[in-house]
Amino acid sequence: MIKIMKNRVNSWAIIGAFVFMIVQVICDLYLPTLTSDMINKGVAQGNVSYIWQVGYIMLGVAAVGIVAAVGNVFIASRLAQKLGHSLRSNIYEKVLHFSSYEFDQIGNSSLITRTSTDVLQIQNVTVMMLRMMIQAPIMLIGASILAYNKQKELTVIFLVAVPILIIVIAAVMTFAVPLFKTLQKRIDHINLVFREGLTGVRVIRAFNQDGYEQDRFDGVNKEYTDNARKVFSITALMSPMMTLVLSATNIAIIWYGGHLIGDMSMQVGNLVAFMTYAMQILSSFMMLSMVFVMLPRAQAAAARINEVLDKNDSIEDRPGAVTIDRSQLGESQLSFSQVNFRYVGAEKAALTDINFEAKAGQTIAIIGGTGSGKSTLINLIPRLFDVESGDIKIDGKSIYELTQASLHDQISLVQQKTVLFKGTIRSNLQFGNENATDDEMWHALEIAQAKSFVEESTDGLDGIVEQDGDNFSGGQKQRLAIARSLVKKASVYLFDDSFSALDFKTDAKLRGSLKTDENVKDSVVLVVAQRISSVTGADLILVIDGGKIVGKGTHEELKATNKTYQEIMQSQIREGDAE
Ligand SMILES: Nc1ncnc2c1ncn2[C@@H]1O[C@H](COP(=O)(O)OP(=O)(O)OP(=O)(O)O)[C@@H](O)[C@H]1O
């Protein structure tokens, strides 16, 4: 918790909350003494003017107490909101730099819980700390001293009441705290299943698996509910047990106090004041118990948030990495030399001894079976993963000598799974280049064979793109993603199986336009493709099998000499898929 708050909360605000709370507690403690004076010196002696006088003072003290309480709550709430805001943005900032490895380690659903529920826990406990954690100890000590001063004989009652209270609190904490800690994990599970259900809803329906998914969700929902029911039943017990102890204490005070008054060794006002102090002492214990129940839960939430914030990025800028812009680089060029790569924890290398070179204006196509390593090869270029050994150079510079920001400036990527963001076509295209003009965007749409369907919609570039681009077909989404990549001026364009949802004609037209486009013609274009027809025009084709390059050449060369290429061709001719 302390680590979370460090550098994120203003120490002056904490001091302010502290001062306001001290004023509030002093007022709360002073009021019973005034009541006792009013009864002993005013009511008992029939002194009406004294009653009025003390009454006015009590009003003043109560008013100051209220102002102090409002001040404390105001500061505490503001501080908690600011803390929540800064935590959420810090987590998001951190997560944006995570590689797939970090995402796999923590899990997307857990990241959502950590940004929402865990941060909320921290906010609640911050308010609690700035109120109860200051109020309870001061009130406890103050009320104990004042109660002792008022009537020390009556304090023996606390010798019984306080240990009982401590036993009740300790029992509740022993059972509740571990359950509170597992509650967050259960929410993670609910988020995970819910999220999978939402994204896979069409598949679930198509396979008639609604029942199975419902059962799966019911399972995690039940786990959470059982856990929550247990923990809240235990904490719910606390309130009646506390009330019982408080009422029994009150009865004991009245009974014993009555005897003392009868013996003339105590005044009525003192009994009233003592009863109020007793309530303040016992309610301070209750406040502390709430803090002790909430604190471990917040501690667990803080540990989960710190785990995200402290995570070292597995992909970092190397020491001495330089920032350069495109004008400082030479002619576009891309080379892989002796590149080996293995996924973390995998026994087998995903890529072995990859060597090739591509020059400005060349199109390199990568073809191979499913799982052969095509996407992995593409993902090494923008450093979504780092090579195990070997080097990759762009425009003559090792990608590891550049900062990631300047490396990403040189690359334009269309991933296998199309990603569009909620907004407009314009906002999505400007992701590629925020300064792109309308003419440039229309040009990119034309090359990507997307111009016609964007033109047909009445809003043109301002047409709405729903979350995940759900209001477009698979092929339209791909074309928009391709257009976005073309809006960016890059040294290397990477298309990871990006033409797969396009029909043959559109695929051919797109590749033809790409070759002649002013923006692209001096850059290197790397295309991963499944169809032979998509690679025939490439300057160099890399045939990948089992993570190795098993063939290198043009279509004609490979057709004549490469067995794997011939097999792929054969299989596609059988399917009527090849040119
Ligand atoms: N994140 C990952 N962690 C571990 N192994 C992975 C990961 N991603 C891919 N792999 C493995 O690496 C190998 C190459 O995968 P890759 O995605 O590069 O294949 P691909 O040729 O692009 O396949 P496809 O044509 O089906 O997209 C596969 O055996 C795959 O199981």
Exercise. Roughly speaking, what is the centre-to-centre gap between the range 339-360 and the range 90-156 when only Cα atoms are used, to the nearest Å?
Worked result: 47 Å
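Relative contact order for the chain using alpha-carbon pairs under 8 Å, separation at least 6, rounded to a whole percent? Show your work: numbers first, answer last.
On the way: 845 pairs, mean separation 83.6, N = 579.
The value is 14 percent.
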For this session: Would you mind pulling out the separation of the Cα centroids of the range 367-412 and the range 168-244, in Å?
Result: 43 Å
Exercise. Can you give the longest stretch of the chain with no exposed loop site, where a site means trypsin sites (Lys or Arg not before Pro) in a DSSP loop (not H, G, I, E or B) with at most 13 other C-beta atoms within 10 Å?
Worked result: 7-347
For this session: Over the range 326-574, give the accessible area per residue in Å² for a 1.4 Å probe, as an integer.
Result: 44 Å²
Exercise. Once you put a point 7 Å from the Cα of SER457 and another 7 Å from the Cα of ASN90, both along the Cβ direction, what distance in nm separates them?
Worked result: 3.9 nm
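Please find the FRET efficiency linking VAL268 to ILE145, where r is the Cβ-Cβ separation and R0 is fixed at 22 Å, and quote it to the nearest 0.05. Please list the in-between numbers first.
On the way: r = 22 Å, r/R0 = 0.98.
My answer for the efficiency is 0.55.
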Problem set entry | Rough spin-label spacing in nm, given labels placed 7 Å along Cα→Cβ, for ALA560 and ASP539 | 2.1 nm
Problem set entry | Other-chain or far-sequence residues with amide H under 5 Å of VAL465's (modelled H) | GLY423, THR424, ILE425
For this session: Multiply the residue separation of PHE232 and ASN340 by 0.36 nm, subtract the distance between their alpha-carbon atoms, and state the gained length in nm to one decimal.
Result: 33.5 nm
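Please find the FRET efficiency linking ASP391 to GLU434, where r is the Cβ-Cβ separation and R0 is fixed at 30 Å, and quote it to the nearest 0.05.
Using R0 = 30 Å, I get an efficiency of 0.40.
Could you pull out the GluC sites (Glu not before Pro) across the range 284-362 that fall in loop regions by DSSP (anything but H, G, I, E, B) with no more than 10 other Cβ atoms inside 10 Å?
Values: sites: GLU307, GLU316, GLU331, GLU347, GLU357; in loops: GLU316, GLU331, GLU347.
Counting only loop positions with at most 10 other Cβ atoms within 10 Å, the GluC sites (Glu not before Pro) in the range 284-362 are GLU347.
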Seminar exercise, completed: In the chain the DSSP beta bridges are antiparallel at a rate, in percent to nearest 5, of 50 percent
Seminar exercise, completed: Over the Cα atoms of the chain the radius of gyration and the largest Cα-Cα distance (Dmax), both in Å, equal 35.5, 119
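Do any GluC sites (Glu not before Pro) in the range 411-454 lie in a DSSP loop with no more than 14 other beta carbon atoms within 10 Å, and if so, which?
Details: sites: GLU434, GLU440, GLU446; in loops: GLU434.
Within the range 411-454, the qualifying GluC sites (Glu not before Pro) (loop, at most 14 other Cβ atoms within 10 Å) are GLU434.
Between LYS548 and ASP470, 0.36 nm times their residue separation minus their Cα-Cα distance comes to what?
So the chain would gain 24.4 nm between LYS548 and ASP470.
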Seminar exercise, completed: Nearest-0.05 FRET efficiency for VAL322 and LEU120 at R0 = 51 Å, using Cβ-Cβ distance, is 0.75
Problem set entry | Paramagnetic reach from PHE194 (point 7 Å along Cα→Cβ, amide N under 12 Å) across the range 121-141 | none
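How big is the charge dipole of the range 326-574 about its Cα centre, in debye rounded to the nearest 20, if each Lys and Arg gets +1 on its Cβ and each Asp and Glu gets -1 on its Cβ?
On the way: 28 positive and 34 negative charges, 132 e Å.
In debye, rounded to 20, the range 326-574 gives about 640.
For the chain, what does the helix formula give at 222 nm: sum of -39500 (n - 2.57) over DSSP H segments with n ≥ 4, over the residue count, nearest 500 deg cm²/dmol? Write out the running numbers ahead of the final one.
Values: 19 runs with 351 residues, N = 579.
Per the formula, -20500 deg cm²/dmol.
The values are calculated or read from the model by the stated rules, or taken from the named source; none is laboratory data. For clarity, every value in this text was computed on a predicted model and none was experimentally measured. Glycine also receives a Cβ, built like all others from the backbone with ideal geometry; neighbour counts cover every protein chain displayed. The accessibility values were calculated without ligands, DNA or RNA, using every heavy atom of the protein model including side chains. Shrake-Rupley method; radii C 1.70, N 1.55, O 1.52, S 1.80 Å.
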